[in-house]
1. Suppose we filter region 126-153 for residues that are outside any helix (DSSP H, G or I), surrounded by fewer than 15 Cβ atoms within 10 Å (Cβ to Cβ) and out of contact with any helix residue (DSSP H, G or I) (no Cβ under 6 Å at 6 or more places or on another chain); how many remain?
2. Out of everything in region 1-54 that is assigned to a loop (DSSP other than H, G, I, E, B) and polar (S, T, N, Q), what residue ends up being surrounded by the most Cβ atoms within 10 Å (Cβ to Cβ)?
3. Determine whether Thr123 is buried (at least 20 other Cβ atoms within 10 Å of the Cβ), of a type in the set (Val, Ile, Thr) and either on the phi < 0 side of the Ramachandran plot or part of a strand (DSSP E or B) (or both).
4. Condition first: aliphatic (A, V, I, L, M) and either at pLDDT below 85 or on the phi > 0 side of the Ramachandran plot (or both). Now tell me which residues in region 89-115 satisfy that.
5. Does region 65-98 hold any residues that are of a type outside the set (Ser, Thr, Tyr), farther than 15 Å from Val33 by Cα and not in a loop (DSSP other than H, G, I, E, B), and which are they?
6. For region 65-75: of the residues being without any contact (Cβ under 8 Å) to a residue 40 or more places away in the chain and not hydroxyl-bearing (Ser, Thr, Tyr), which is surrounded by the most Cβ atoms within 10 Å (Cβ to Cβ)?
7. Given the criteria within 18 Å of Leu4 (Cα to Cα) and touching a helix residue (DSSP H, G or I) at 6+ places or on another chain (Cβ under 6 Å), does Tyr38 qualify?
Amino acid sequence: MTRLSTGDPAPDFTLPTDDGRTVSLSELRGRKVIVYFYPAAMTPGCTTQACDFTDSLSSLQAHGYDVLGISPDSPEKLAKFREKDGLTITLLSDSDRSVMNAYGAFGEKMLYGKKVEGVLRSTFVVDEQGAIALAQYNVKATGHVAKLRRDLGIE
């Protein structure tokens, strides 16, 4: 598994949203984009993280950041997730995990003491030119957005 580092070009992607649109990373050039990968909609940790990003969205946008949350869930499940938790961030479906693999956000991890293959909770900040400005792997769901805000100098 290849991991991305600061300065690497961010792999481009086009993925479906929960509302029938598609979003391409290349369409967001000129803006800073936070791309985060999470294992599954409507699970406790993923809900905490998505709600934290939603709560911080206006502040992040005021500092020039868009937020894209990517999971292997279907667009239909993502729509239920948005509705159930009042999410305002953009949710994208990577059902074949190709984008996760390109970002090194899918692979072997420990789950309840067992080695399994799965989504590695990871966050990337892509700069206005499409390069990785920050790569964080195996982040914790709780408190991650607050730490990311500190790392980006947004208090």
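The values are calculated or read from the model by the stated rules, or taken from the named source; none is laboratory data. All values reported here derive from a predicted model rather than from experimental measurement. We place every Cβ from the backbone using ideal geometry, glycine too, and count neighbours over all the protein chains shown.
1. Of the residues in that region, 7 qualify.
2. Step one: of region 1-54, the residues assigned to a loop (DSSP other than H, G, I, E, B) are 1-8, 10-13, 18-21, 29-31, 38-43.
Subset that is polar (S, T, N, Q): 2, 5-6, 43.
Working: Thr2: 10, Ser5: 10, Thr6: 12, Thr43: 14.
Looking at the filtered set, the residue picked out is Thr43.
3. Yes.
4. Met110, Leu111
5. Once the filter is applied, which keeps residues that are of a type outside the set (Ser, Thr, Tyr), farther than 15 Å from Val33 by Cα and not in a loop (DSSP other than H, G, I, E, B), region 65-98 yields Pro75, Glu76, Lys77, Leu78, Ala79, Lys80, Phe81, Arg82, Glu83, Lys84, Asp85.
6. Ranking the candidates gives Gly69 first.
7. Judged against the criteria, Tyr38 is a match.
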